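Below you will find the structure I want to go over with you.
The values are calculated or read from the model by the stated rules, or taken from the named source; none is laboratory data. What you see is a predicted model, and the numbers here were worked out from it, not measured in a lab. Neighbour counts are summed over all protein chains in view; Cβ atoms, including those assigned to glycine, are modelled from backbone coordinates with ideal geometry. Side chains included, ligands, DNA and RNA excluded: accessible areas come from the protein's heavy atoms. Shrake-Rupley method; radii C 1.70, N 1.55, O 1.52, S 1.80 Å.
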Amino acid sequence: MTTSREASREIESLRGEIRRHNVLYHVYDAPEIPDSEYDRLFQRLLALEAAHPELVTPDSPSQRVGAAPSAGFESVEHGVPMLSLSNAFDVESLLAFDRRVRSLVESDRVLYVAEPKLDGLSVELVYEDGALVRGATRGDGIHGEDVTANLRTVRGIPLRLQPVGGAVPSLLEVRGEVYVETAALEKLNEERLRLGLELFANPRNLAAGSLRQLDPTVTATRPLRIFCYDLGRTQGLEIKTQSELLDRLPTLGIPVNSLYQRCDGIEEAIAFYERLREMRDELPYEADGVVIKIESFSLRHRAGQISRSPRWAIAAKFPAEQGITILRDIAVQVGRTGTLTPVAVLDPVRVRGVEISSATLHNEDEIRRKDLRIGDTVVVQRAGDVIPQIVAAMVDRRTGSEREFAMPIRCPVCGSPTVRHEEQAAQRCVNVSCPARIKQSLLHFVSKGGLDVEGIGPKLIDQVVDNGLVTRADDLFRLSVGQWAAQERMGTKSAQNIVDALEKAKKTTLDRFLFALGIPEVGASSSRLLAGAFQFLDGVIAADRDALLAVPDIGPATADGILDFFGSDANRQLVDGLLAAGVTPGNAEDKALHRSEALAGLTFVLTGTLSTMSRDEAAEKIREQGGAVASSVSRKTNFVVVGENPGSKASKATGLGIPTIDEAEFSRVLEREGSAGSSVSGRPVGNQQGVRRDDGSTLFA
Ligand code: IVH
């Protein structure tokens, strides 16, 4: 047992280390140590604090979830009112804003800062002598709600400021937006859907709902993040401009959005607005516009404010995300696992340039909760990359002719009874040979992530199933050119192409094979993890629950899905049938032997068309050399590979200072396979030449 003095010293040093890693992770997006090492430090701190409870302090990183549920929130008065912004919906209003600003500050040209406007919940954090003492919502701008206990659970919010040059400001009131990333919202909604819980309509609702939770342990489970962008009162901190603020906050450990721009005149701010609008869907979070602010604080003072909004800033809003249309009908689709999914059939409506004519309704409970009736006028929305959703019915527009919807008690495809287990939200067709299930499974089998068989689409699958030629995936490999050619709109040549494509697809990888089987809960990434861990198909089939759970990122639901799947005779027959038909899931070991680690630790994003390979092939090649491929650009991206007609990912990369490489350079990267010396002329990350990897070595130096 350590003495109290020794423990105290170790605790202080651990806290310092943990705080430093928190900042590297949450502020700079650049962790120095793996999560496991962080966990080890954290566990050590918890153990020491448990042994020496007298040494626990409220600003210890261990104290994020300490408070008990409260009965309500206290009202607190903001030191300086939290203002709101006036909105601009077109360029003309922005020009008018600029004219007014210039006349107020008596200048021909004004420097602005333009920042993404995040759609979350604005809060104020109060630090006294470096310690977080209070956190409040904006409320009505004068009074907010004290949500300190909840804000303490947000990992990006430091409980103690990092000293700069040994000192922290004696008072810092800093404002920012608590938000959630779109992908995190989708993931959370998927889980909630499975549990039959109400879904969050958008990131804002999730952020607001989480911060206004009475029980902080619930807030702690929500994927909340924060970007700060404004000050209240301060003491011991001299800051004169917005860009200085955005540079200084991170040094204190406070996250800011690095995607801002200093703009010389309103034209540059308008250009930023337009660029951001174009890359809006590529951002990891929902932005509903751009905030344009005067850069200089003293000029802001000259511009002043009217009632609740400053005259020195404006919100340039993006066009609406929502539209209004009629819910014509509710169709029911039967999926691969027999799940019946109600789908809204809508009168087509354009939202943000995309025509929406259907939206998933998830399940029956979701329809009940939203009280949707066929014939209703409904509000629909597109949020980020999320599939269109029905937000709500406009109840006041009902005429009385609307009809309620009930899930069919028989499968709409095969007529078998449907069941719904009490604890599940989904209703299922019980017939394992339901043609709808067979067709969906076959489509999944031949899909890009599966065996990737070119030329087989839904129409052809419909025919071969309806004609009784195919009931299981292995049947596909046994059809002759003549049998394929006998289908509608098929010539001998196309039939031959299909047989060739199937022949080629037989030689596949273990991860594709596992994905193609359509095991419940096992998607592309789990398939890769399983293939990496077990190397051979036999290993996956033989694995028990513990062995499956030992694979990183494989959780209980996935493990059970796998066990159930291989526990079924029908599924084992499918696997045997596929192997007998000549499908060889190339054991992962061969691949591992040939696989180089030349790109290990590097993340690539691909955009535009490449002339010598498809994007999927490019991604495969990156992975073969140990690299990772992400779908959107973030500060974790090391390189963006830019083909012909690139999307906005290329401009985002430029905006974030991430190097881009063209196809020729990319080919050279792939060919060099670890041989040192050749160079790639991407812009270096940070101030070092080349890219630092996790192990500290440098690539492309
Ligand atoms: S500045 C007085 N910057 O927009 C100006 N606000 O409609 C203080 N918001 O209440 C706000 N992102 O919740 C500012 N980069 C950003 C912002 C931002 C989102 C929100 C904030 C504010 C609302 C104003």
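At 222 nm, what value in deg cm²/dmol follows for the chain if DSSP H runs of at least 4 each add -39500 (n - 2.57) and the sum is divided by all its residues, to the nearest 500? Could the numbers behind the result be given before it?
Values: 26 runs with 258 residues, N = 701.
The helix-only estimate for the chain comes to -11000 deg cm²/dmol at 222 nm.
Given the pairs 187/649; 459/621; 493/621; 504/621; 370/439; 448/506, which are separated by over 21 angstrom at their Cα positions? Intermediate values should be presented prior to the final figure.
Working: 187/649 23 Å; 459/621 32 Å; 493/621 31 Å; 504/621 18 Å; 370/439 31 Å; 448/506 14 Å.
Long pairs (Cα-Cα over 21 Å): 187/649; 459/621; 493/621; 370/439.
Using alpha-carbon pairs under 8 Å, 6+ residues apart, how would you state the relative contact order of the chain in percent? Before the final figure, lay out each step's value.
Details: 1247 pairs, mean separation 64.2, N = 701.
Worked out over the chain, it gives 9 percent.
Cysteines without a disulfide-compatible partner in the chain, using Cβ under 4.7 Å as the rule?
By the Cβ distance rule, which asks for a partner under 4.7 Å, the isolated cysteines are 228, 263.
For region 347-410, run through the GluC sites (Glu not before Pro) and keep only the ones in DSSP coil with at most 13 other Cβ atoms within 10 Å of their Cβ. Before the final figure, lay out each step's value.
On the way: sites: 355, 364, 366, 402, 404; in loops: 402, 404.
Hits after loop and neighbour filter: 404.
Compute the accessible area per residue over the chain, keeping the other protein chains in place, probe 1.4 Å, unit Å².
Details: 33400 Å² over 701 residues.
It amounts to 48 Å² per residue over the chain.
A follow-up question, please. Identify, among 310, 539, 607, the residue whose Cα sits farthest towards the positive end of the charge dipole of the chain, taking +1 on the Cβ of Lys and Arg and -1 on the Cβ of Asp and Glu, with the dipole about the Cα centre.
In the chain, that residue is 310.
Right, next: Among 425, 453, 463, whose Cα lies farthest out toward the positive end of the dipole of region 405-491, if unit charges sit on the beta carbon of Lys, Arg (+1) and Asp, Glu (-1)?
It is 425, whose Cα lies furthest towards the positive end.
While we're looking at this one, here's another question. Would you work out the charge dipole size for the chain about its Cα centre, treating the Cβ of every Lys and Arg as +1 and the Cβ of every Asp and Glu as -1, and quote it to the nearest 20 debye?
Numbers: 83 positive and 98 negative charges, 179 e Å.
The calculation lands at about 860 debye.
Further question on the same structure: Residues with amide H under 5 Å of residue 416's amide H, sequence separation 5 or more or different chain, H placed in the peptide plane at 1.01 Å from N; which?
Close amide H contacts, sequence-distant or interchain: 411.
Where does the longest stretch of the chain lie that holds no trypsin sites (Lys or Arg not before Pro) found in a DSSP loop with 11 or fewer other Cβ atoms within 10 Å? Could you put the intermediate results ahead of the total?
Details: sites that count: 109, 240, 489.
Here the longest run is 241-488.
GluC sites (Glu not before Pro) within region 147-238: which are DSSP loop residues with at most 14 other Cβ atoms inside 10 Å? Could you put the intermediate results ahead of the total?
On the way: sites: 173, 177, 181, 186, 190, 191, 198, 238; in loops: 181, 198, 238.
Passing both the DSSP loop test and the Cβ count: 198, 238.
From the phi angles alone, apply the Karplus equation (6.51, -1.76, 1.60; θ = phi - 60°) to region 176-191 and give each ³J(HN,Hα) in whole Hz, x where the residue is Gly or Pro.
With the stated coefficients, region 176-191 comes to x, 10, 8, 9, 10, 6, 4, 5, 5, 5, 4, 5, 4, 5, 4, 5 Hz.
Work out the FRET efficiency for residue 208 and residue 84 from their Cβ-Cβ distance, taking R0 = 22 Å, and round it to the nearest 0.05. Don't skip to the end; give the middle numbers.
Working: r = 15 Å, r/R0 = 0.70.
FRET efficiency, residue 208 to residue 84: 0.90.
Quick query: amide H of residue 472 versus all other amide H atoms, modeled in the peptide plane; which residues come in under 5 Å with a sequence gap of 5 or more or a different chain?
Excluding prolines and chain starts, which carry no amide H, there are no hits.
Quick one: Cα centre-to-centre distance for region 103-125 and region 213-234, in angstrom?
So the separation of the two Cα centres works out to 22 Å.
In addition: How high is the FRET efficiency from residue 343 to residue 645, r the C-beta distance, R0 25 Å, rounded to 0.05?
Working: r = 33 Å, r/R0 = 1.30.
Taking R0 as 25 Å, the efficiency between residue 343 and residue 645 is 0.15.
Using 20 Å bins from zero, what percent of all Cα-Cα pairs in the chain falls into each bin?
Histogram of Cα-Cα distances, whole percents per bin: 14, 43, 35, 8, 0.
Can you tell me what share of the DSSP beta bridges in the chain is antiparallel? A percent to the nearest 5 is fine.
Working: 78 of 92 bridges.
About 85 percent, rounded to the nearest 5.
Tell me the carbon and sulfur percent of the accessible area for the chain, rounded to whole percent, probe radius 1.4 Å.
49
Using amide H atoms built in the peptide plane, which far-off residues or other-chain residues are under 5 Å from residue 257 H to H?
Long-range HN contacts for residue 257: 228.
If each residue of separation counts as 0.36 nm, what is the full-extension length gain between residue 493 and residue 506 once their alpha-carbon separation is subtracted?
Working: separation 13, 0.36 × 13 = 4.68 nm, distance 2.02 nm.
Separation in residues times 0.36 nm, less the Cα-Cα distance, equals 2.7 nm.
To continue, here is another question. Per residue of region 81-96, in order, report the coupling 6.51 cos²θ - 1.76 cosθ + 1.60 (Karplus, θ = phi - 60°) as ³J(HN,Hα) in whole Hz, putting x for Gly and Pro.
Each residue of region 81-96 in turn: x, 8, 7, 10, 10, 7, 9, 10, 10, 8, 4, 4, 5, 6, 5, 5 Hz.
Can you work out the base-10 log of I(q)/I(0) for region 331-457 at q = 0.12, 0.20, 0.22 1/Å, using the Debye formula on its C-alpha atoms alone?
One equal scatterer on each Cα of region 331-457 leads to -0.57, -1.18, -1.24.
Dipole size in debye (nearest 20) for region 505-558 around its Cα centre, Lys and Arg Cβ +1, Asp and Glu Cβ -1?
Working: 5 positive and 6 negative charges, 66 e Å.
With Lys and Arg at +1 and Asp and Glu at -1, about 320 debye.
A follow-up question, please. Given 0.36 nm per residue, what is the gain on full extension from residue 47 to residue 397 after removing their alpha carbon distance, in nm? Please report the intermediate quantities before stating the final value.
Values: separation 350, 0.36 × 350 = 126.00 nm, distance 6.04 nm.
Value of the extension gain: 120.0 nm.
Determine ³J(HN,Hα), in whole Hz, for all residues of region 326-337 in sequence, where each value follows from phi through the Karplus function 6.51 cos²θ - 1.76 cosθ + 1.60 and θ = phi - 60°; x replaces Gly and Pro.
With coefficients 6.51, -1.76 and 1.60, one gets 9, 7, 6, 7, 10, 8, 10, 9, 10, x, 4, 9 Hz.
What does the extension gain come out to for residue 664 and residue 29, with contour length at 0.36 nm per residue minus their alpha carbon separation? Mind showing how you got there, number by number?
Working: separation 635, 0.36 × 635 = 228.60 nm, distance 2.96 nm.
Contour length minus the Cα-Cα distance gives 225.6 nm.
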